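A.B. asks: Let me begin by handing over the structure; questions about it come next.
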Amino acid sequence: MTTGEVKLIGAWASPFVMRPRIALNLKSVPYEFLQETFGSKSELLLKSNPAHKKIPVLLHADKPVCESNIIVEYIDETWSSSGPSVLPSHPYDRAMARFWAAYIDEKWFVSLRSFPKAQGEEETKAALAQLEEANAILEKAFIDCSKGKPFFNGDNIGYLDIALGCFLGWLRVTELTGGHKLLDEAKTPSLSKWAERFCNDPAVKPVMPETAKLAEFAKKIFAKPHA
Amino acid sequence: MAERSEEVKLLGMWASPFSRRIEIALTIKGVPYEFSEQDITNKSALLLQLNPVHKMIPVLVHHGKPISESLVILEYIDDTWQNNPILPQDPYEKAMARFWAKFIDEQICVAAMKVVGKTGEEKDAAVEATRDLLKFLEKELVGKDFFGGKNLGFVDIVATLIAFWVMRTEEIVGVKVVPVEIFPEIHRWVKNLLANDVIKKCIPPEDEHLRYIKDRMVKLIIKPA
């Protein structure tokens, strides 16, 4: 059933929120974007996602769907006749997409996040090495999944492109503030070229925050003590 | 030795909930498979070759290609063999099933493990935290035989971790994490599981399982930090 109002509870700066926004764009599904105020959680959010109290939450005819990658799959399945397929069609390719998406959240993103937290030269070096190792793994994954095409998903961006690409804004901010190149064209040439193509995709451009705006936001939120 | 490409091989470990859930799924689908018992304390060259990223079981090999991560494998099995569907067909129900599966693995499993080896106030807090999460699942079972409705489904398969690992180890851990007074639905659901032929066939035998866990806990707790 594709009828029913679509709302998305989220925030412009969140990479996880970006995932369903890109998917909705790919499917040309109009939606109301309900932005949460940083530092507080709306009644609607708490009611819609009592288990995690986190964004994004998709509300389709008032029924909530939570967890960004799960929302993306839901969008793909619900609006299956519009736009390109977000998940690949072959079971093995789907398994690879899901495998790498889980790796990105559990290992790669954790490495990225630990980089600005590193204190001193030793810790920074270790964090950088960990991220570089993760990048090298993803470089190979890209070559395996893309099979010579421009995106992980082939000719068009898909689930895995979205799962990784949503972090590119924050990656750039971390590069700026840390003064270290984190996605190096020399070390990960395929991934670097993919990153540019991803950011220029018409479904991505409207929802990818500008690096400067994101950097300013980062300064504000990291200046406060963590809750 | 010539290998038929349709052959299914599962690298697993008899006492692992993540490995057992794959066996449950393959059995529901009636898919014959070769089981390769792995020593996780001394990982084989085959395991390291087939899962270089995580170096963990379970790994499913089909058409010579390896797939890792139990939830990914479960979805692959459901995508590949269409009989006896494990996931619901409706996109919303499917999303909910995926949500609860993730919740069990990432929240409940982690919280339950924090109870082990703790004492006093720390232990009480860990138990409380686990129960708070389990209450969500308790609610989900109201009016249903299984999480999947009338039949076993994706969430039931994943939740065997609770029924046959978390709940079985309560005596060893020294606290009833899932008492029947607070979780009557979950207890009713476990009874339903135990009446199911596939579950009976695919869960580790209780006595052997408890002995193994006791052994492991002794090793882990006595091990110097």
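A.B. asks: Checking the condition surrounded by 18 or more Cβ atoms within 10 Å (Cβ to Cβ) and more than 25 Å from B:V72 (Cα to Cα), which residue from A:K47, A:K27, A:K41, A:K7 passes?
C.D. replies: A:K7
A.B. asks: A:N69 versus (1) touching a residue at least 40 places away in the same chain (Cβ under 8 Å); (2) more than 9 Å from chain B (Cβ to nearest Cβ); (3) of a type outside the set (A, V, I, L, M, F, W, C): which is the lone unmet condition?
C.D. replies: It is condition (2) that A:N69 fails.
A.B. asks: When the residues of region A:72-106 are narrowed to those that are under 15 Å from A:A141 (Cβ atoms) and aliphatic (A, V, I, L, M), which ends up nearest to the other protein chains (Cβ to nearest Cβ)?
C.D. replies: A:A95
A.B. asks: Looking at region A:21-53, which of its residues are within 14 Å of another protein chain (Cβ to nearest Cβ) and under 15 Å from the mean Cα position of the chain (by Cα)?
C.D. replies: A:A23
A.B. asks: Another question, if that's okay. Please specify each residue of region B:106-126 satisfying the condition of being without any contact (Cβ under 8 Å) to a residue 40 or more places away in the chain and away from chain A (no Cβ under 11 Å).
C.D. replies: B:V110, B:A111, B:M113, B:K114, B:K118, B:T119, B:G120, B:E121, B:E122, B:D124, B:A125, B:A126
A.B. asks: Give me the helices (runs of 4 or more DSSP H) completely within region B:36-105, filtered to those with at least 1 residues that are facing another protein chain (nearest Cβ under 9 Å) and free of Cβ contacts under 8 Å to residues at least 60 places away in the same chain, ordered by residue number.
C.D. replies: In region B:36-105, the matching helices (runs of 4 or more DSSP H) lie at B:70-80, B:91-103.
A.B. asks: Same structure, new question: Can you go through B:L74, B:L47 and tell me which one is surrounded by 15 or more Cβ atoms within 10 Å (Cβ to Cβ), farther than 20 Å from A:L138 by Cβ and touching a strand residue (DSSP E or B) at 6+ places or on another chain (Cβ under 9 Å)?
C.D. replies: Of B:L74, B:L47, the one residue that is surrounded by 15 or more Cβ atoms within 10 Å (Cβ to Cβ), farther than 20 Å from A:L138 by Cβ and touching a strand residue (DSSP E or B) at 6+ places or on another chain (Cβ under 9 Å) is B:L47.
A.B. asks: A further question follows. What residue, of B:P85, B:P66, is under 30 Å from A:S80 (Cβ atoms) and either β-branched (V, I, T) or surrounded by 17 or more Cβ atoms within 10 Å (Cβ to Cβ) (or both)?
C.D. replies: The match here is B:P66.
Rundown of residues vs (1) among the acidic types (D, E); (2) in the same structural domain as A:T174 (by TED's automatic domain parsing); (3) farther than 19 Å from A:L26 by Cβ, yes/no style:
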position: A:S85; (1), (2), (3): no, no, no
position: A:D105; (1), (2), (3): yes, yes, yes
position: A:V110; (1), (2), (3): no, yes, yes
position: A:A129; (1), (2), (3): no, yes, yes
position: A:E133; (1), (2), (3): yes, yes, yes
position: A:I137; (1), (2), (3): no, yes, yes
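The values are calculated or read from the model by the stated rules, or taken from the named source; none is laboratory data. As the structure is a computational prediction, the values presented were derived from the model and not from experiment. Cβ sites come from the backbone with ideal geometry, for glycine too, and all protein chains shown count toward neighbours.
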